[in-house]
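> Mind looking over this structure? Questions follow.
Please treat every number below as a calculation from the coordinates, not as lab data. Only a predicted model underlies this, so the values are computations on that prediction, with no experimental measurement involved. Positions of Cβ are generated from backbone atoms using ideal geometry, with glycine treated the same way; all protein chains shown enter the neighbour counts.
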């Protein structure tokens, strides 16, 4: 009996030592990589942005509409934006959040309205619905991690006022299907392009397909001015309504407030873009195509190095040519493997990788104010409003089971905008070796 116990303990010790030796060998073989931070636009900042900012300060006109001298940079940015996106109207605002809220007010979102949003977004998208006293309705995402048109059709009700497709993590939604559903039900579409600036769908820039489009120029985005936003539309009335909403409820003539036609008079939100932000944005937009091209090339080279790996696939692309490149999404067979693989990749230098379920306020069930239905005021609005009484939805984990499954077994890797070929090679080697390691992936 004693010998049998000794043999068992010895065998377990050998297996443990084998694992330790394997782990040490793998770590020694795998090159340690310090993956750069994302912040795409920041890597391209140079003396051009610096000179523009200094010019604003010297000019003494930090407010876009007047000052000691004529301000020009926000105007320049808007002019360039119209040309870049192919849009009739462009309006610089203070943030992507500000752009969302302004557009929802412009499109008539309010009490008694439901707004359909994807389960994978940024909290600001849902926050804008709430601050306009409407009710968000969650929609599943499909394997593109964008709005699922099949589930979208199911979520339309008589109260649906707006659909917000979010071109998440750099890739466009299936806009043909979404626009067909919107047209069928006579529902407006607001494109959230915050994470896909410069991307396109079947030859058209994202943001120009729906009724309105918004962009964020915050530090994490494809181009940046630190904090800022942009609204585009081809509809003149929507433009002037948005202008009044983003300012003081009126329009401007030669920089001074003026009364517009009655349809455009509203309560303003004071979301004007500052001239300093406009200065940086007016330079960055000239670089946007180059920034995107660099990320897309890096992403495609990394993907090419990861072909035919058992148990690893990638997100579906609704238009591969329209990808703007800031993220690579990898899909594994199950959640346990995703946890193990993500941890191992982080240990070996891909330090800003995320399992998508852990991706903070991008995931509906990670938003405390949503799952707890936190009101805007002690009155309890928007949840308590009589107009919203029949719009009673659950936002806890499980509300979007198809999305939940994808989130649990998928990993998101940011693609910095100035990677070297050597950094790309190292990333490929780390991912390949991790996927080949049976200890890491739990075989």
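> By how many nm would the segment from residue 204 to residue 180 grow when fully extended, if each residue of separation counts as 0.36 nm and the alpha-carbon distance is taken off?
Contour length minus the Cα-Cα distance gives 7.0 nm.
> How high is the relative contact order of segment 43-285, in percent, counting Cα pairs under 8 Å that sit 6 or more residues apart? Display every interim value, and only then the final one.
Details: 558 pairs, mean separation 62.3, N = 243.
It rounds to 26 percent for segment 43-285.
> Now for a separate question. Please compute the length gained on full extension between residue 374 and residue 258, using 0.36 nm multiplied by the number of residues separating them and subtracting their Cα-Cα distance.
Extra length available between residue 374 and residue 258 comes to 38.0 nm.
> Taking Cα atoms, how many degrees apart are the long axis of helix 421-436 and the longest axis of the chain, rounded to 10 and kept between 0 and 90?
50
> When a/c is below 1.5 the answer is rounded, else prolate if a/b is larger than b/c, else oblate, so apply that to segment 21-178 with a ≥ b ≥ c taken from the square roots of the Cα gyration tensor eigenvalues.
oblate
> Can you give me the angle between helix 335-347 and the longest principal axis of the chain, using Cα atoms only, in degrees from 0 to 90, rounded to the nearest 10?
90
> Testing the spin-label approximation: label points 7 Å from Cα along Cα→Cβ at residue 320 and residue 83. State their distance in nm.
Reported label-point gap for residue 320 and residue 83 is 3.3 nm.
> Taking the simple approach of a point 7 Å from Cα along Cα-to-Cβ for both residue 66 and residue 47, what is their distance in nm?
Going from the residue 66 label point to the residue 47 one covers 3.7 nm.
> Calculated FRET efficiency, residue 389 and residue 158, Cβ-Cβ r, R0 22 Å, to nearest 0.05?
E between residue 389 and residue 158, to the nearest 0.05, is 0.95.
> Using only alpha carbon pairs under 8 Å that are at least six residues apart, calculate the relative contact order of the chain and give it in whole percent.
That works out to 21 percent.
> Out of [x] 4, 18, 28, 27, 17, 5, 1, 0; [y] 4, 21, 32, 27, 13, 3, 0; [z] 4, 20, 28, 23, 14, 6, 3, 1, 0, 0, which label holds the value of P(r) over Cα pairs in 10 Å bins from 0, in percent that was computed here?
Label [z] holds the value from this structure.
> Between 0 and 90 degrees, rounded to the nearest ten: what's the tilt of helix 2-29 against the longest Cα principal axis of the chain?
Roughly 40 degrees, rounded to the nearest 10.
> Still on this structure, please answer the following. How do 153, 310, 140 rank when sorted from fewest to most other Cβ atoms within 10 Å of their own Cβ?
Neighbour counts put them in this order, fewest first: 310, 153, 140.
> Just the number, please: percent antiparallel of the DSSP beta bridges in segment 94-196, rounded to the nearest 5.
10
> Using only Cα atoms, locate the centre of segment 81-122 and the centre of segment 351-406, then give the distance between them in Å, rounded to an integer.
Using only Cα atoms to place each centre, the spacing works out to 20 Å.
> Separation between the residue 396 and residue 37 pseudo-spin-labels, each 7 Å from Cα along Cα→Cβ, expressed in nm?
Taking the simple label geometry, residue 396 and residue 37 are separated by 3.8 nm.
> What percent antiparallel are the DSSP beta bridges of the chain, to the nearest 5?
So the antiparallel bridges in the chain amount to around 65 percent.
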